[in-house]
Amino acid sequence: MLALHLLSAGLLHRLLPSRKTLRRILVLMLAAAWAAPSSAAPQDTTRARAMPMNMAMPMDSVRGSGDMIMTMLRNPMLPGLRGVSPSVDPFLPGEGVDTASLAWATPREILHVADGDTVALEARIVKRRIGGRTFVMYGFNGQYPGPLLRVAQNTEIVIRFTNSIDLPSTIHWHGLRLENRFDGVPDVTQAPVPPGGEFIYEVVFPDAGLYWYHPHVREDIQQDGGLYGNMMVDPARADYFGPATREEFIMVDDLLVDGDELLPWGRDAANFTIMGRFGNVMLVNGEERYAATVRPGEVVRFFVTNVSNTRSYNLSFAGHDMKLVGTDLSRFEREMMVESLVISPAERYIVEVRFAAAGTYALLNQVQVVDHMRGTFQAAVDTLGAVVVEGPEVEEADALLSSHSIMRTDAVLEAELAEFRPHFDRPVDHELLLTVDIEGLPILVQQFISIDTIYRPPVEWTDGMPNMNWLSTSNEVRWILRDVTGRGADGAGIGDPRDAPENAEIDWQFRLGDVVKIRLRNDADAFHPMHHPIHLHGQRFLVLSRDGVANRNLAWKDTVLVPVGSTVDLLMEASNPGEWMIHCHIAEHLDAGMMGSFRVVR
Ligand SMILES: [Cu+2]
């Protein structure tokens, strides 16, 4: 087996039989392994600790797609791979810290912060109780999620950040067009803040809406460990939002639990780098179940943020249409009713839901699950919580019914977009191919991943190959933004595609005020293609089109989901000087290199 490790992927392809034949062999091997799990996989607890495929999980905490993951993880590893573990040492938060000395995390507070105020945010090691088990995790000011900072548009505040965790850290203010030196990118805009260190951020809020903050160092551990919080920027315009009786802030997340512990992260590099780290426990605002109680006739404005490392969601409130109002940096041109909301990591959406009648309505995540081992698709539903509607109808129910049925347009946004419309049909300025390079994984894993690309769902809603994924680390997997500008459809039009700048080599420069068309193309022929939520720092962009189909309802965004095989055209306004990141917001893809930068100069 060790000797086989040394073989390169290229050599493998020449030596081994066709994909179809291999798939048949693998399926037979898997069938044999599944037929005799107890003899093939001894339930030794020390090995279970190291190998997630043997771990046990109480079924009461497992639902829907989480259930799917656990089923996969409990299956024995491919024959020939037992005892193989990732090429990184395990890491858990707070190793060596006396758990008894740690404070229990508390639910988030809402901090109303006025112009010029200073807020202290401290990243701490905390104890959390989730599903009857105690975990050592992280929390800003000891809270889950971190404090919700509520500010007025066009204000400026100061954040005194103290790093009291066991890793270097920073805070990135996701979506804010703030001064470059406060963007929180380690070794680009600031030195990482060492454990025990401090950093002062000056944070401005030029755009109304919903934002969030999180570390920009090892997000796969720190953000996943609980370091995230929302920022709500209340609009200067009184008519920005329509009538609603209540506001609810929802941060959706998932956590990967292995028996009584969290499944370890990689110490020096991320594990789970192919698909990203999918959790098996769904969390809303850090709790296993979301619960709200409203009265009949209420219209609730939900502010939704996806803070998961990799999981995208398809959210709905059973039986209720949602009015789609806003997203990352603005409202939509036109409000519209939708049945469900697809939200990828780091995106935000603002939706309004009218609850007419008494009852209990589940908050659902309804997705299609691909089982890469069996090559099958199936529907999966997670219940993330519920809204209970009870009591007497609210007095303003009739007025709310009529206002909720009106789809408003944003005249201010329309006027602003008029300046940009002349640029909509211009040629593409820059084109990035989103792809991957995998080398050095065990031969069977490499082959399986290669074969598995026969199934290329546009979005991977869950992890259909968790064992392979767990073994893949940033040492073997390199996710790539490849600048193929002017190189034609396959990226080979002009010059050798291998010479195209990748990730850190990308060196775009724009002038302040430039309007730039950026094409993102997700390579369906990659070794293992995956969707990518691509995030641009410090600027705002419009999603002009998907696969050549024009977007007829625009909004300013900072993060866009690019499904497998899709081409998405963005129009970016270079409105903020500095050196800014463009990267995938799947935390493990970022760790595995999927980041470049561009400069905006005056
Ligand atoms: Cu990605």
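Amide H contacts of SER330 (H built 1.01 Å from N, in plane; Pro and chain starts excluded): TRP556 sit under 5 Å, all sequence-distant by 5 or more or on other chains.
Electrostatic tally near GLU287: other residues with Cβ closer than 11 Å to its Cβ, Lys and Arg +1, Asp and Glu -1, net +2. Our estimate of slack between ALA411 and ARG181, defined as 0.36 nm per intervening residue step minus the Cα-Cα distance, is 79.4 nm. Of the options LEU400, HIS430, VAL412, report the single residue whose Cα projects farthest towards the positive end of the charge dipole of segment 383-437 (beta-carbon charges: Lys, Arg +1; Asp, Glu -1). Toward the positive end, the furthest listed residue is HIS430.
Among 514-520, 533-539, the peptide with the highest mean count of other Cβ atoms within 10 Å heads the list, and the full ranking is 533-539, 514-520.
If you restrict to DSSP beta bridges whose two residues both lie in segment 204-345, what percentage is antiparallel, to the nearest 5? Working shown, then result.
On the way: 21 of 28 bridges.
Around 75 percent of the beta bridges assigned by DSSP in segment 204-345 are antiparallel ones.
Once the chain from ALA357 to ASP260 is taken as fully extended at 0.36 nm per residue, the excess over their C-alpha distance is 30.8 nm.
Look at where the Cα atoms of segment 371-411 and of segment 204-225 average out, and the two centres are 26 Å apart. With all protein chains kept in place, the per residue accessible area of segment 375-462 amounts to 46 square angstrom at a probe of 1.4 angstrom. Out of the total accessible area of segment 255-301 (probe 1.4 Å, heavy atoms of protein only), what percent is carbon and sulfur? Exposed carbon and sulfur together represent 39 percent of the surface.
Loop only per DSSP, at most 14 neighbouring Cβ atoms within 10 Å: give me the chymotrypsin sites (Phe, Trp or Tyr not before Pro) in segment 517-575, ordered by residue number.
Working: sites: PHE527, PHE541, TRP556; in loops: PHE527.
In loop regions of segment 517-575 (DSSP not H, G, I, E or B), there are no sparsely surrounded chymotrypsin sites (Phe, Trp or Tyr not before Pro).
Note on ASP547 and GLU339: with the Förster distance fixed at 25 Å, the Cβ-Cβ geometry gives a FRET efficiency of about 0.70. Bridgeable aspartates and glutamates around LYS323 (alpha carbons under 18 Å apart, same-chain partners fewer than 8 residues away excluded): ASP239, GLU247, GLU248, GLU298, GLU333, GLU335, GLU339, GLU347, GLU352, ASP398, ASP410.
For segment 432-449, backbone phi angles converted through the Karplus equation (6.51, -1.76, 1.60; θ = phi - 60°) give residue-by-residue couplings of 10, 8, 9, 8, 8, 10, 10, 8, x, 7, x, 3, 5, 5, 4, 5, 4, 4 Hz, Gly and Pro being listed as x.
In the context of the full set of protein chains, residues of segment 522-602 present 24 Å² of accessible surface per residue (probe radius 1.4 Å, heavy atoms only). For a quick check of your reading of the filter: which trypsin sites (Lys or Arg not before Pro) in segment 312-395 sit in a DSSP loop and have no more than 16 other Cβ atoms within 10 Å? Passing both the DSSP loop test and the Cβ count: ARG374. Can you bin segment 515-602 into rounded, prolate or oblate? Criterion: square roots of the alpha carbon gyration tensor eigenvalues sorted a ≥ b ≥ c, rounded for a/c under 1.5, prolate for a/b above b/c, oblate for the rest. The shape class here is oblate. Is the shape of segment 130-234 rounded, prolate or oblate, going by the alpha carbon gyration tensor and its root eigenvalues a ≥ b ≥ c, with a/c under 1.5 for rounded and a/b larger than b/c for prolate? Since a/c reaches 1.5 but b/c is at least a/b, the shape of segment 130-234 is classed as oblate. Amide H to amide H, with H built 1.01 Å from N, VAL562 comes under 5 Å of HIS532, ILE534, counting only residues 5 or more places away or on other chains. Between HIS174 and TRP212, TYR213, HIS214, the built amide H atoms are under 5 Å apart, and every one of these is 5 or more places off in sequence or on another chain.
The values are calculated or read from the model by the stated rules, or taken from the named source; none is laboratory data. Everything numeric here is computed off the predicted structure, so don't read it as measured data. Here Cβ is always computed from backbone atoms with ideal geometry, including for glycine, and neighbour counts include all displayed protein chains. The area values use the complete protein model at the heavy-atom level, side chains included, leaving out ligands, DNA and RNA. Shrake-Rupley method; radii C 1.70, N 1.55, O 1.52, S 1.80 Å.
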